[in-house]
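Working notes for the structure below.
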Amino acid sequence: MSEYILETQDLTKEFKGFTAVDAVNLQVQRGHIHALLGPNGAGKTTCFNLLTKFLTPTRGRIVFAGADITGETSAQIARRGVIRSFQISAVFPHLTVLENVRIGLQPFTGTSFHFWKGLTGLQTLDAKVLALLELVDLRDMATTRAADLPYGRKRALEIATTMAMEPRLMLLDEPTQGMGHEDVDRVTALIKRVAEGRTVLMVEHNMKVVASIADRITVLARGAVLAEGDYATVSKHPAVLEAYMGTEATELQGAH
């Protein structure tokens with residue numbers, strides 16, 4: 001079995017002559033937190049969209065757990081365990097925290113067709129739901145409506161819902177975007193906790209977050225890989241510092 005759960009080979013996406021992702025070769029190691037970093041317009045989100053087949057590659061291959069998934073649909077890839085959080089996780093604002101995670105569990109417990117019967121018949125799932133809520137520090141808020149959660153706690157709920165889908169690879173798209181310092185610290189610690197024994201690929205702008213939890217970092221610029229390695233390596237790379245220029249470059253060097 002390969003040490004890499006996800007690999008891309010010359011992954012490329014062109015839009016009418018503009019190359020958004022340019023021959024990207026990515027190798028995500030099992031059990032690692034791997035971060036995609038880069039300035040705005042670097043191609044990070046487009047790369048995520050290709051991996052989850054929200055977009056179709058112009059050229060290249062995507063290999064997951066040894067299988068070529070380049071031609072598969074979003075649904076087929078999700079069934080393989082590639083789950084993208086914060087974009088597709090189901091959070092229903094008028095249901096409670098517990099009910100949201102319970103719905104996430106249904107497709108994996110043979111109860112998915114019970115949804116129309118209402119939620120009362122699904123209480124057998126609650127022990128597993130509460131264990132997930134414990135992991136993300138939301139057990140005390142199990143009966144709170146999702147709409148009433150503070151912003152950072154909504155993100156924690158989205159992580160719990162994603163984990164209910166039993167991901168083999170979690171894709172986190174800017175998990176701390178728009179958060180204050182306290183929420184950033186809480187969600188960073190949460191990601192580190194839920195990543196134990198799992199593989200995470202994340203797009204993140206916050207240098208402090210990346211410095212503290214990423215095992216490996218791929219830096220993109222203009223759609224191509226600019227540098228790769230651990231934080232100490234990429235934060236000193238001349239091409240990376242040039243790509244970030246000014247304030248961001250200072251933040252990059254001072255984040256550790």
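Rule-based calculations on the coordinates, nothing more; no lab input. Computed from a prediction, not measured in an experiment: that's the story for all the values here. Glycine gets a Cβ as well: all are built from the backbone with ideal geometry, and neighbour counts include every protein chain shown.
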For the chain, longest principal axis from Cα atoms; helix 151-164 axis from its Cα atoms; angle between them, nearest 10 degrees, is 80
Across 10 Å bins beginning at 0, the whole-percent shares of Cα-Cα pair distances in the chain come to 7, 30, 34, 22, 7, 1
Expected unfolding gain across SER2-ARG30 under the 0.36 nm per residue rule, minus the alpha-carbon gap, is 9.2 nm
Place a point 7 Å from the Cα of GLN9 in the direction of its beta carbon; the residues of the stretch 50-70 whose amide N falls under 15 Å from it are 59-70
The stretch 121-169: spread of alpha-carbon positions along the three principal axes, whole Å, largest first, is 29, 26, 16
The exposure ranking of ASP215, ASP68, fewest beta-carbon neighbours within 10 Å first, is ASP68, ASP215
Summing -39500 (n - 2.57) over every DSSP H run of at least 4 residues in the chain and dividing by its residue count gives a helix-only mean residue ellipticity at 222 nm, to the nearest 500 deg cm²/dmol, of -9500 deg cm²/dmol
Of all trypsin sites (Lys or Arg not before Pro) in the stretch 149-186, the ones in DSSP coil with at most 10 other Cβ atoms within 10 Å are none
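Return the FRET efficiency for the residue pair SER212, ASP140: r is the Cβ-Cβ distance, R0 is 41 Å, and the value is rounded to the nearest 0.05. Write down the numbers at each step before the final one.
Details: r = 26 Å, r/R0 = 0.63.
E(calc), rounded to 0.05, equals 0.95.
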Between the Cα axis of helix 126-135 and the main Cα principal axis of the chain, the angle (0 to 90°, nearest 10) is 40
Here, PHE18 and ARG61, labelled 7 Å along Cα→Cβ, have an inter-label distance in nm of 3.0
Longest principal axis of the chain (C-alpha) makes with the long axis of helix 181-194 (C-alpha) an angle, in degrees to the nearest 10, of 80
Sites removed, the longest contiguous part of the chain containing no DSSP-loop GluC sites (Glu not before Pro) with at most 14 other Cβ within 10 Å is 4-195
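Among the listed pairs LYS44/LYS154; LYS128/LYS154; LYS16/LYS236; LYS13/LYS192, give every one whose C-alpha distance is greater than 25 Å.
Pairs exceeding 25 Å: LYS16/LYS236; LYS13/LYS192.
Which percent of the Cα-Cα distances in the stretch 1-103 go past 21 Å? Kindly include the intermediate steps, with their values, before the conclusion.
Details: 2165 of 5253 pairs.
Distances greater than 21 Å cover 41 percent of the Cα pairs.
What ranking of ILE33, ILE77 emerges when the number of other C-beta atoms within 10 Å of each C-beta is taken as an exposure proxy, fewest first? Before the final figure, lay out the partial values.
Working: ILE33 23, ILE77 19.
Ascending Cβ contact count within 10 Å gives the list ILE77, ILE33.
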